[in-house]
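The values are calculated or read from the model by the stated rules, or taken from the named source; none is laboratory data. On a predicted model such as this, the values are computed, not experimentally measured, just so you know. To get the accessible areas, we keep the full protein, side chains included, count just its heavy atoms, and leave off ligands, DNA and RNA. Shrake-Rupley method; radii C 1.70, N 1.55, O 1.52, S 1.80 Å.
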Amino acid sequence: MRTVPGRTDHVVVVGAGFAGLSAALHLLGAGREVTLVERDAGPGGRAGRMELGGYRVDTGPTVFTMPDILDEAFAAVGESLRDRVELIPLHPAYRALFWDGSGIDVHTEADVMAAEVERFAGAREARGYLRMREWLGRLYAVQRRRFIDANFDSPAQLLHPDLVRLAALGGFGRLDRAVGRFLADERLRRVFSFQALYAGVPPSRALAAYAVIAYMDTVTGVYFPRGGMHAVPAAMADAARRAGADLRFGEAVSGLERSGGRVTAVLTEHGRIPCDAVVLTPELPAAYGLLGRRPRRPVRTRHSPSAVILHAGTDRTWPVLGHHTLSFGSAWSGTFDELTRTGALMTDPSLLVTRPTATDPALAPPGRHLHYVLAPCPNTEIGPGAAHWGELGPAYRDALVAELERRGLTGFGDSIDEECLVTPADWTAQGHTVGTPFSVSHTFAQTGPFRPRNLVRGTENAVLAGCGTTPGVGVPPVLISGKLAALRITGPAAGRPSRAAAPAAARPEGTR
């Protein structure tokens, strides 16, 4: 693994989202002095917090899995996730509702889920589910260390016995066909393949290897942090501060100072921060702009679909909803064509409805409820441009509300007392390329060693982190990206003990 040469005592991390905070904790645990610079007033990045008339709204991801990856970041500075964040296991992880009026609860316990599948679709499908679950576990075990939690310097690193094992498991086939080997019921197939949308690729074109996302969702468990998803980056920032990091919020980075191939300082609106290395977590175009270098790629970069999100505070809720509810329309392949090829809004949408107050009522005023409705939509490169959403947004909001009411949420529109609509125009304004918060898609040419790398040729001591680089999109991969960026600076961590926690008063402030 290539590492940053020369002195790396003081590292500036740009961006206090999951990637930057993960990088900061791992760097601090390896004994580096860390200054973390964030343009927003607080930590979180995409996982921000919005106050909406007494409702505490998470503005980013709502699904949290693989807490062991987060715990690893806390452990780097001698802390524990369980001491910092109360994670509540969700039972069920999801509720899936279908176009034909049927529904199934998705549980993470094997026996409970097998019984639910048998009730829903019969004993044969239940046996298929158990075989698929075993396959998902083997698939994840092969990929985790070699293909997910790994820095790539060359495609030659793929030449390993694990590559043969992955191929033997069918990892290079298509996701929908792989799931279909185990499940005949079309509805169940969707439950275990819709996750491909997170990777920005339809199940018919996604590698079966991406079934590991279904493993994270449906086998290891889905959790909700008390206080909302924003409680996680807030806790990470506090742990970094206690470990000695200098956290500078509300300070935008304006440039980098260079000497030859090295970055010598980060420039902000408040001055100059000398550094020995830098971790950049902004969107790739912004990071490349700061570096003044954009790597050449044989094919153009493709981005994932975007999403319209309706945050709605209501005076009621509906028993049919779980904490997370997947509401599937009857269309499927056509829907993915609209999202990734034709650029049309979904004519028969599949939606994610999250009701965080089902688990933490304190996120809303007494007697009120919070609903987060996510409708995938094309990004602005293939769909309506950002300028069109000013007029399109309100009409699409009304169409979503009407669709929810048709699907059983009677009176949803009248129940709303506070709301906020987020469209690709808003993602664009926040700096997200082609109006999508889901970054670079996971096509084969943008996966593993072919994904934009976290080292940029021509710069010796700058490392990238975040969903646009290794290993990819989603909360667990982004946390891993921060760790991988830190390893580029510190070198392999094998055998290195985690830094013991010390009282905050005994630690240096970390300023320079």
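Per residue, how much accessible area does the chain show when a 1.4 Å probe rolls over the protein heavy atoms, in square angstrom?
Heavy-atom accessible area per residue stands at 39 Å².
Can you list the residues, at least 5 places off or on another chain, whose amide H is less than 5 Å from the amide H of residue 306, using H built in the peptide plane?
Sorted by chain and number, the residues that satisfy this are 377, 379.
Which angle between 0 and 90 degrees, to the nearest 10, do you get for helix 123-143 versus the longest principal axis of the chain when only C-alpha atoms count?
Long axis of 123-143 versus the principal axis of the chain: about 10 degrees.
Measuring from centroid to centroid over Cα atoms, what is the spacing of the stretch 84-157 and the stretch 1-53 in Å?
After rounding, the separation between the Cα centres reads 31 Å.
Leaving ligands, DNA and RNA out of it, report the carbon-plus-sulfur percent of the accessible area of the chain at a 1.4 Å probe. If you can, show how the numbers build up before the last one.
Details: 10380 of 19730 Å².
Ligands and nucleic acids excluded, carbon and sulfur give 53 percent.
So for the chain: antiparallel DSSP bridges make up what percent, rounded to the nearest 5?
70 percent
If one computes the Cα centroid of the stretch 247-303 and of the stretch 369-401, what distance in Å separates the two points?
31 Å
In whole percent, what relative contact order does the stretch 393-475 give with Cα contacts below 8 Å and a gap of six or more residues?
This gives 18 percent for the stretch 393-475.
Tell me, what HN-Hα J-couplings in whole Hz come from the Karplus equation 6.51 cos²θ - 1.76 cosθ + 1.60 at θ = phi - 60° for each residue of the stretch 406-415, using x for Gly and Pro?
Listing the rounded values in order: 5, 8, x, 8, 4, x, 4, x, 5, 7 Hz.
Mind jotting down the distance between the C-alpha centroids of the stretch 320-367 and the stretch 414-481, whole Å?
First find each Cα centre; the distance between them is then 21 Å.
For a quick check: with amide H placed at 1.01 Å from N, whose amide H comes under 5 Å from residue 36's, ignoring anything fewer than 5 positions away on the same chain?
It is 13, 246, 247, 248, by chain and number.
Enter the angle in degrees (range 0 to 90, nearest 10) between the Cα long axis of helix 475-490 and the first principal axis of the Cα atoms of the chain, meaning the one along which they spread out most.
The answer is roughly 20 degrees.
Before anything else, pin down the relative contact order of the chain: Cα pairs under 8 Å, at least 6 apart, normalised by residue count, whole percent.
Details: 1065 pairs, mean separation 127.3, N = 512.
So the answer I get is 25 percent.
Spelling out what I want: for every residue of the stretch 356-361, take phi, set θ = phi - 60°, compute 6.51 cos²θ - 1.76 cosθ + 1.60 (Karplus), and round to whole Hz; glycine and proline get x.
Whole-Hz 3J(HN,Hα) from phi for the stretch 356-361: x, 6, 5, 10, 9, x.
Whole-Hz Karplus ³J(HN,Hα) for the stretch 307-323, in order, using 6.51 cos²θ - 1.76 cosθ + 1.60 and θ = phi - 60°, x for Gly and Pro?
7, 9, 10, 10, 8, 10, x, 10, 8, 7, 9, 10, x, 5, 8, x, 5
For n ≥ 4 DSSP H runs only, could you compute -39500 (n - 2.57) per run for the chain, divide by its residues and tell me the 222 nm figure to the nearest 500?
-8500 deg cm²/dmol
With angles folded into 0 to 90 degrees, how steeply does helix 110-121 sit against the dominant principal axis of the chain? Use alpha carbons for both and round to 10.
40 degrees
List every residue whose amide H lies under 5 Å from the amide H of residue 470, counting only residues 5 or more places away in sequence or on a different chain, with H placed 1.01 Å from N in the peptide plane.
454
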